[in-house]
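The values are calculated or read from the model by the stated rules, or taken from the named source; none is laboratory data. Source: prediction; values computed, not measured. Glycine also receives a Cβ, built like all others from the backbone with ideal geometry; neighbour counts cover every protein chain displayed.
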Amino acid sequence: MVIRGIPRTFLRHRKDCFSCMKLLMHICCANCATYPVSVLKEKGITLKGLWFNPNIHPYMEYKNRLDAVRKLGQLWDLDIEYRDYYGLEEYLRNVVGNKAARCEYCYSVRLEETAIKAREINADAFSTTLLVSPYQKFDMILEMGRMIQEKHDVEFHAEDFRSGYSEGRRMAKTMDLYRQQYCGCIYSEMERYQKDGSEAKSGGFAAHR
């Protein structure tokens with residue numbers, strides 16, 4: 001069980017010391033990273049980032065987001081590991097013909113890679129910056145994270161950062177970070193242009209304007 005976003009192992013061993021916690025944070029993009037990273041670092045948590053987003057397409061979009069994370073890492077002196085893998089073919093093999101399950105695939109492949117890495121570096125927990133966006137499927141991310149924590153025996157830090165989404169966007173703007181116009185996959189890129197009235201059918205477009 002995760003209590004108020006704090007892993008049980010951390011609570012059990014050092015309830016009074018956030019600085020003793022080592023957290024591996026999956027970073028989906030620079031814009032979504034700003035608020036969660038600032039909050040966790042304020043708590044004194046030892047934070048390491050992981051870039052692994054093979055679901056982002058096309059390639060230039062992938063590169064723009066990766067470059068923005070690198071820029072943020074340099075500006076804030078962050079410890080980030082980069083798994084630079086543009087996984088278009090693997091993505092297509094897993095979602096073509098099953099479009100409705102694409103979000104589940106995108107969440108699971110990234111969270112599982114993060115959990116595996118967290119075990120490898122002996123982190124107390126893993127998490128993701130996806131938890132900041134009100135446009136992501138929050139409950140699905142929580143469910144996926146908890147399933148993966150049981151599979152790999154490493155805690156999922158399930159903190160709700162959504163109240164700071166707008167603040168994080170403002171922070172990103174002041175640093176002139178690249179601001180994407182859709183969620184990430186080729187389906188959300190397509191849906192960006194499929195207008196229904198004044199809004200795109202996909203929440204991804206509204207999420208990243």
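Please verify whether segment 37-54 includes one or more residues that are touching a residue at least 40 places away in the same chain (Cβ under 8 Å) and farther than 28 Å from Thr174 by Cβ. Yes - at least one qualifying residue is present in segment 37-54.
Selection of segment 100-115 for residues being in contact with a helix residue (DSSP H, G or I) (Cβ under 6 Å, 6 or more places away or on another chain) and either aliphatic (A, V, I, L, M) or farther than 13 Å from Met140 by Cα (or both) yields Leu111, Glu112, Ala115.
Does Ile45 satisfy being under 20 Å from Leu130 (Cβ atoms), modelled with pLDDT of 95 or more and surrounded by fewer than 20 Cβ atoms within 10 Å (Cβ to Cβ)? Write out each step before concluding.
Details: under 20 Å from Leu130 (Cβ atoms): yes; modelled with pLDDT of 95 or more: yes; surrounded by fewer than 20 Cβ atoms within 10 Å (Cβ to Cβ): no.
For Ile45, the condition - under 20 Å from Leu130 (Cβ atoms), modelled with pLDDT of 95 or more and surrounded by fewer than 20 Cβ atoms within 10 Å (Cβ to Cβ) - is not met.
Within segment 23-55, the set of residues being of a type in the set (S, T, N, Q) and assigned to a loop (DSSP other than H, G, I, E, B) comprises Asn53, Asn55. Scanning for something touching a Gly at 6+ places or on another chain (Cβ under 9 Å), assigned to a helix (DSSP H, G or I) and among the small types (Gly, Ala, Ser), does segment 70-80 turn up at least one residue? Yes, the conditions are met somewhere in segment 70-80.
Applying the selection to segment 170-181, what residues are in contact with a helix residue (DSSP H, G or I) (Cβ under 6 Å, 6 or more places away or on another chain) and in a helix (DSSP H, G or I)? Answer for segment 170-181, where residues must be in contact with a helix residue (DSSP H, G or I) (Cβ under 6 Å, 6 or more places away or on another chain) and in a helix (DSSP H, G or I): Met171, Ala172. Scanning for something closer than 24 Å to Ala172 by Cα, in contact (Cβ under 8 Å) with a residue 24 or more places away in the chain and crowded, with 20+ Cβ neighbours inside 10 Å, does segment 92-109 turn up at least one residue? Scanning segment 92-109, I find at least one residue that is closer than 24 Å to Ala172 by Cα, in contact (Cβ under 8 Å) with a residue 24 or more places away in the chain and crowded, with 20+ Cβ neighbours inside 10 Å, so the answer is yes.
Before we move on, is Leu142 crowded, with 18+ Cβ neighbours inside 10 Å and not polar (S, T, N, Q)?
Details: crowded, with 18+ Cβ neighbours inside 10 Å: no; not polar (S, T, N, Q): yes.
No, not satisfied.
One residue stands out among those in segment 136-167 that are part of a helix (DSSP H, G or I), of a type in the set (D, E, K, R) and within 16 Å of the chain's Cα centre (by Cα): the one that is nearest to Val37 (Cα to Cα), which is Arg162.
If the condition is being under 22 Å from Pro58 (Cβ atoms) and either modelled with pLDDT under 95 or of a type in the set (A, V, I, L, M, F, W, C) (or both), then segment 106-123 contributes Cys106, Val109.
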